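Q: Quick one: this structure, given as structure tokens, is what I'll be asking you about.
Derivation of every value follows stated rules applied to the coordinates shown; laboratory data play no part. The structure presented is a predicted model; accordingly, all values stated were derived computationally and were not measured. Neighbour counts are summed over all protein chains in view; Cβ atoms, including those assigned to glycine, are modelled from backbone coordinates with ideal geometry.
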Amino acid sequence: MNVSAVVRRHRLLLGSGILLGLLGTAATLLQPLLIGDLIEAVAVDEPTMRPILLLAGLFAADALLAATHFYLIGRAGENIVFDMRGTLTGRLLHSRIRAFNRLEHGDVFTRTVADTSLARVALSSSVSQMITSGSTVVGCVGVMAWLDWRMLLATVGCLGAASVIGLGLARAVRKAAVTNREDTSNYGSALLRVLGALTTVKASRAEEREAERIGELANAARASGIHVTRLSAMLMPAMNVGTQVSLAVVIAWGMSRTATGALPIEDLTAFIMYLFYLVSPLVMLFMSLGEIQQGRAAIDRVKDLARIETESTEGAPASTPVAETPAVEFKDVTFSYSDTTEPALTGVSFSLPRTGVTAIVGPSGAGKTTLFQLIERFQVPDAGTVRLAGTDIGALRLDELRSRIGLVEQDAPLMRGTIRENLTYARPEATAADIDEVIAAAHLADVVSALPDGLDTHLGEAGIGLSGGQRQRLAIARALLTRPDVLLLDEATSHLDSDSETALREAISAIGARCLVLTIAHRLSTTIGADRILVIEDGKLRATGTHTELMEGDTTYQRLASRQMTPVGGGAR
Ligand code: ADP
């Protein structure tokens, strides 16, 4: 992500905000001088109306400028963070599954939400604060030097010492804040991971252990948070002591010089006012410098995330398939998940016709799911080609490829919303007739009509309210709505009641008449009904055939069949 380009896009808002801030600074800096004039007018008994009106005008202008400055800078900041988050969201959604799987979800969340916020503060308010506070400090010091340079030296002596302490403290605050953010992020990541596996935690009766472990992480965040507060608590008082000492010096010395007539009273008053005006911007300046540094680290983390590898959306449109071309064809496909692991598939070749049900069987960890990952191009083969209707899928546009494939995953994850919204997720423009058709094809009509609001029934989180078999049939209906050429189905390993099982089986055979159904089979009944079976073991295609043929000729199949296929809950993922 090009952060400077993002900032440049909002330079008009930022620039005008900073300009108004500087004008506000000038309005502030003029005030003590006008008060000096007012005191002088009172002292020599001149009319005071003019200086009072001028002063009132200046106060009003100051307030107006400060408010507009604050608004413009805040707005620019929100625009900047919006752009950054938009870029991140887009890149994450288009990221390659392989790259995405390497990320910690908690870390992604921290970078997209918290780091972008820090970057916003650094790029908008801190930069503008640094410029306006810096110029206030310079302006104050300049006017003070002009009013009385000797007293300025005394002030700089006292405030300088406090500033050195203040600067050191500000730096320590920043470091402590970085640690605190890391601790907070560790706590968030750990909690997210545990909540994602809440049923496992409960089933293992690990609630107390997890509460203790996560409690320790929360405690680390608390400790570093307290450290930040301790250091911050000293920052303002350190500066205050500096101000108080310089004030005492300025008043005592100034009064003695006023008494001798060396310093007019109005100049002393103005000088003291400038002293007050100086302190707060000085602290702000230190703070904003710290925030900018902190923001730089956050920007680096955001940029790092934005560099995630994305899928290419380019590619050729698919050629019109000729009737006899295979729907799916693997040619010498070899693939490993990483350079260091054994290949998940080695030299796999097969071709499948355009209709019918093909079951894939094999022990868990054999490479069945990996086949699906390659067909969907979630992963890319290291060698060999995968073709869809005769075209190498590497050359196809991703959008086109995935619109021709329907994927039904094992746990059939559903999105939030109504049944209708779930069904039309991949094809929001589907008509009522299309929906009725897929509901019938997935043998769901009775289920839907029994629900209180039919298609408009709201599903709970993760599809609560439907049984496992119904959820999988709903996922099948969703996949069918895009009229895929190939339906990839990872059969649920969980036990289905016999009604659901029969409904699912009938639905699959009926769908097999119109497209290729490729199903990872965990049940013997699926393979018996399949038109052909691929037996995979250790990443290799062992045998192909029908149930009867394989029962005669393949020992792995015989073994799996005698155990009624993959043990329930199998699947090494
Ligand atoms: P199956 O679906 O037949 O149970 P998979 O295709 O899921 O098997 O896995 C095949 C092999 O690839 C296994 O050895 C498994 O450990 C490995 N594997 C699967 N997914 C990943 C992954 N995301 N990263 C690394 N290795 C993986």
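Q: First measure r as the distance between the Cβ atoms of LEU54 and ASN101, then evaluate 1/(1 + (r/R0)^6) with R0 = 56 Å and state the FRET efficiency to the nearest 0.05.
A: Details: r = 67 Å, r/R0 = 1.20.
Efficiency computed from Cβ-Cβ geometry: 0.25.
Q: If you bin the C-alpha pair distances of the chain every 10 Å from 0, what whole percents do you get?
A: Bin by bin from 0 Å, the calculated values are 3, 13, 17, 17, 13, 10, 9, 7, 6, 3, 1, 0, 0.
Q: Still on this structure: For the chain, build the charge dipole from Cβ charges (+1 Lys, Arg; -1 Asp, Glu) around the Cα centre, then report which of LEU560, ILE265, LEU93 sits farthest towards its positive end.
A: After comparing all options, I get ILE265.
Q: Quick one: net charge of ALA389's neighbours, Cβ under 12 Å, K/R +1, D/E -1?
A: On the way: positive: ARG354, ARG387, ARG404; negative: GLU324, GLU329, ASP392, GLU400, ASP485.
Counting the neighbours of ALA389, the net charge comes to -2.
Q: What dipole magnitude, in Debye to the nearest 20, does segment 3-306 give about its Cα centre under +1 on Lys/Arg Cβ and -1 on Asp/Glu Cβ? Write out the running numbers ahead of the final one.
A: Working: 28 positive and 23 negative charges, 342 e Å.
Dipole size: approximately 1640 debye.
Q: Here's a follow-up. Which ³J(HN,Hα) values, rounded to whole Hz and listed in residue order, are derived for segment 431-446 from phi using the Karplus coefficients 6.51, -1.76 and 1.60 in 6.51 cos²θ - 1.76 cosθ + 1.60 with θ = phi - 60°, glycine and proline given as x?
A: Taking θ as phi minus 60°, the curve returns 8, 4, 5, 4, 5, 4, 4, 6, 4, 5, 4, 8, 6, 10, 4, 5 Hz for segment 431-446.
Q: Under a Cβ-Cβ cut-off of 10 Å, what is the net charge of the residues other than LYS331 that fall near it, where Lys and Arg count +1 and Asp and Glu count -1? Could the numbers behind the result be given before it?
A: Details: positive: ARG387; negative: GLU329, ASP332, ASP392.
Local charge sum for LYS331: -2.
Q: Does anyone have the angle between helix 498-512 and the longest principal axis of the chain? Alpha-carbon axes, 0 to 90°, nearest 10?
A: For 498-512 against the chain, the angle is about 80 degrees.
Q: Pull up all non-local amide H partners of LEU534: gap of 5 or more, or a different chain, and H-to-H distance under 5 Å with H placed in the peptide plane.
A: For LEU534, whose amide H was placed from the backbone, the distant partners under 5 Å are ALA359, ILE360, VAL361.
Q: Sticking with this one: Could you calculate the contour length gain from ALA445 to ASN240, that is, 0.36 nm times the residue separation minus the distance between their Cα atoms, to one decimal place in nm?
A: Once the chain is fully extended between ALA445 and ASN240, it gains 66.3 nm.
Q: Run the dipole for the chain about the Cα centre, Lys and Arg Cβ at +1, Asp and Glu Cβ at -1, nothing else charged, and hand back the magnitude in debye, nearest 20.
A: Working: 53 positive and 60 negative charges, 214 e Å.
So the magnitude is around 1020 debye.
Q: Hey, another quick one. Amide H of ALA383: which non-local residues (sequence gap of 5 or more, or other chain) have their own amide H closer than 5 Å, using H built in the peptide plane?
A: Correct list: THR334.
Q: Same structure again: Once you have the Cα-Cα distance between THR260 and ASP45, take 0.36 nm times their residue separation minus that, and quote the gain in nm to one decimal.
A: 75.2 nm
Q: With a Förster radius of 51 Å, plug the Cβ-Cβ distance of ASP456 and VAL164 into 1/(1 + (r/R0)^6) and report the FRET value to the nearest 0.05. Don't skip to the answer; put the middle values down first.
A: On the way: r = 68 Å, r/R0 = 1.33.
With R0 = 51 Å, the Cβ-Cβ based efficiency is 0.15.
Q: When only C-alpha pairs under 8 Å and at least 6 residues apart count, what is the relative contact order of segment 33-144, in percent?
A: On the way: 35 pairs, mean separation 30.8, N = 112.
Reported relative contact order: 28 percent.
Q: Right, something else. Given a cut-off of under 8 Å on Cα pairs at least six residues apart, what relative contact order in percent is computed for segment 140-240? Let's see the in-between values first.
A: Details: 53 pairs, mean separation 45.9, N = 101.
Relative contact order of segment 140-240: 45 percent.
Q: Please list 3J(HN,Hα) in residue order for segment 375-388, calculated via the Karplus relation 6.51 cos²θ - 1.76 cosθ + 1.60 where θ = phi - 60°; whole Hz, with x for glycine and proline.
A: Each residue's phi maps through the Karplus curve to give 5, 7, 6, 6, 10, 10, x, 6, 8, x, 10, 10, 10, 10 Hz.
Q: Which ³J(HN,Hα) values, rounded to whole Hz and listed in residue order, are derived for segment 202-211 from phi using the Karplus coefficients 6.51, -1.76 and 1.60 in 6.51 cos²θ - 1.76 cosθ + 1.60 with θ = phi - 60°, glycine and proline given as x?
A: 5, 4, 8, 6, 9, 4, 5, 4, 5, 4
Q: If you don't mind, another one. Hey, what angle do you get for helix 468-480 against the long axis of the chain, alpha-carbon based, 0 to 90 degrees rounded to 10?
A: Helix 468-480 sits roughly 90 degrees off the main axis of the chain.
Q: Could you tell me which of VAL141, GLY188, ALA530 has its Cα farthest along the dipole of the chain towards the positive end, charges placed at Cβ (Lys, Arg +1; Asp, Glu -1), taken about the Cα centre?
A: Of the listed residues, the answer is VAL141.
Q: Related question: So for segment 3-306, considering every pair of alpha-carbon atoms, how many percent are separated by more than 29 Å?
A: Values: 24201 of 46056 pairs.
Roughly 53 percent, once rounded to a whole number.
Q: Also, I was wondering about something else. If I take R0 = 45 Å and measure r between the Cβ atoms of ALA154 and PHE109 in this structure, what FRET efficiency does the formula 1/(1 + (r/R0)^6) give, to the nearest 0.05? Kindly include the intermediate steps, with their values, before the conclusion.
A: Numbers: r = 52 Å, r/R0 = 1.16.
Efficiency for this residue pair is about 0.30.
Q: I need the peptides 386-392, 426-432, 331-337, 557-563 ranked by packing, meaning the mean over residues of other C-beta atoms within 10 angstrom, with the highest value on top. Mind showing how you got there, number by number?
A: Working: 386-392: 19.1, 426-432: 12.1, 331-337: 17.1, 557-563: 15.6.
Averaged packing, sorted descending, gives the order 386-392, 331-337, 557-563, 426-432.
Q: Give, as a single signed number, the net charge of other residues whose beta carbon lies under 12 Å from the beta carbon of ARG222, with Lys and Arg counted +1 and Asp and Glu -1. Let's see the in-between values first.
A: Values: positive: none; negative: ASP183, GLU216.
For residues surrounding ARG222, the net value is -2.
Q: Further question: If each residue of separation counts as 0.36 nm, what is the full-extension length gain between SER232 and ASP499 once their alpha-carbon separation is subtracted?
A: On the way: separation 267, 0.36 × 267 = 96.12 nm, distance 6.65 nm.
My answer for the length gained is 89.5 nm.
Q: Taking the mean number of other Cβ atoms within 10 Å as a proxy for protection, how do you rank 470-479, 144-153, 502-511 from highest to lowest? Write out the running numbers ahead of the final one.
A: On the way: 470-479: 24.9, 144-153: 16.9, 502-511: 18.6.
Highest-to-lowest ranking by the protection proxy: 470-479, 502-511, 144-153.
Q: Kindly provide the helix-only [θ] at 222 nm of the chain, computed as the sum of -39,500 (n - 2.57) over DSSP H runs of four or more divided by all residues, to the nearest 500 deg cm²/dmol?
A: Value at 222 nm, helices only, nearest 500: -21000 deg cm²/dmol.
Q: Separate question: Sequence gap at least 6, Cα distance under 8 Å: using those rules, report the relative contact order of segment 3-306 to the nearest whole percent.
A: Details: 311 pairs, mean separation 94.4, N = 304.
In percent, rounded to a whole number, it is 31.
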